[in-house]
Ligand SMILES: Nc1ncnc2c1ncn2[C@@H]1O[C@H](COP(=O)(O)OP(=O)(O)OP(=O)(O)O)[C@@H](O)[C@H]1O
Ligand SMILES: [Mg+2]
């Protein structure tokens, strides 16, 4: 069966719900291509808000042929040259114009792909066709040069009302009977991700024409939590490390999130102080390895993290507790995620200024509040700082708020 996400994918720009600002900016970008410095537009925003869809609709409306390039095509320079070099260089007399889409640039990560990012920048330099890049988080410092060389186009997270409209189309198209309140609930619980909402809808109606409030329980979030709770049971109750070590195999969450789950529930499971000391020691070591991965890209450390979190925590107890504990998700996950997002922008600006001021990024982060005061109070000075350090619009906006 064809996925609803494909069947109800926006065809025209007018099918796109919300994102008006982004659509306007991109239209302009295509029309003015050639007479402007920026060779690429960087479409960024949360998952399932329409970035890829808009790229396709835009190509269709502008009569351009879309050439989609995957992040994996950028593994090395030779590959890029072979796969796309020829296609982007020249416009043949009779063919349609092209629009190049490099979808999900986030995939260009890790040391091996350093060359990949370089290759992408080179491609941008040489391209005679407009390039669209999509990315969920552009504030990672490694994308700094990509940001300066691209037109930044922000996408907003879709609100429940907008998701509701998107869902209503599928409901109408499939001739389903879904009450308004149920559909609104569905729209609310997808976290602003239209793809997730449509997929949920399709899952719920499979084999029938209607859904009610009852069907909504047990969806998505809950399923993930259920998997995690199973995993916790295995880790906390097993004493054999061989059994415990497979606990996280079926869990979709990444190891950092798993760590937080264990961290949250550990004290309600283990009772003896010495057990807690041992178990938290394992967690802290896992956390250390996770930092090293982030810093040095040593992916091999994932194996150690997994072992510490599962077998390590399992053998930290003397014996299994017979009691039943209701494990609960940690509220810190979401908070940390937000804090990280906010920090990313700050760090990106600090990184840029630090290089020019011959100081460290860390030092610069500390001085950021002063800079923010300047941006609020002294327009002239702010303007000259913006000019001197060539800050982007986004960065200035951040400093102002
Ligand atoms: N703004 C929107 N208007 C209408 N439909 C949308 C919109 N955003 C998303 N959708 C629906 O969700 C599906 C997924 O959207 P899309 O692939 O464009 O998301 P994305 O922003 O590229 O996400 P990702 O970052 O995960 O790739 C689309 O096929 C479409 O059905
Ligand atoms: Mg996409």
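Spin-label model, residue 302/residue 148: points 7 Å from Cα along the beta carbon direction are separated by 3.3 nm.
Here is how the number arises for the chain: DSSP H runs of 4 or more residues each give -39500 (n - 2.57), the sum is divided by the residue count, and the result at 222 nm is -17000 deg cm²/dmol.
Computed over the chain, the P(r) tail beyond 36 angstrom holds 41 percent of alpha carbon pairs.
Taking every alpha-carbon pair within region 131-280, the share separated by more than 21 Å comes to 63 percent. The mean sequence separation of alpha-carbon pairs under 8 Å and at least six residues apart, normalised by the residue count of the chain, gives a relative contact order of 14 percent. When each of the peptides 198-207, 184-193, 131-140 is scored by how many other beta carbons lie within 10 Å of its residues on average, the order from highest to lowest is 131-140, 184-193, 198-207. Its relative contact order, with pairs defined as Cα atoms under 8 Å and 6+ residues apart, puts region 221-329 at 40 percent.
Does anyone have the angle between helix 20-31 and the longest principal axis of the chain? Alpha-carbon axes, 0 to 90°, nearest 10? The answer is roughly 40 degrees. Cα axis of helix 160-173 to longest principal axis of the chain: angle in degrees, 0 to 90, nearest 10? Tilt of helix 160-173: around 80 degrees. The long axis of helix 273-296 is offset from the longest Cα principal axis of the chain by roughly 20 degrees.
Bear in mind that the values in this text are calculations on the coordinates, not laboratory data. Quantities reported herein were computed from a predicted structural model and do not represent experimental measurements. Because the Cβ atoms are built from the backbone with ideal geometry, glycine has one as well, and the counts that use them run over all protein chains shown.
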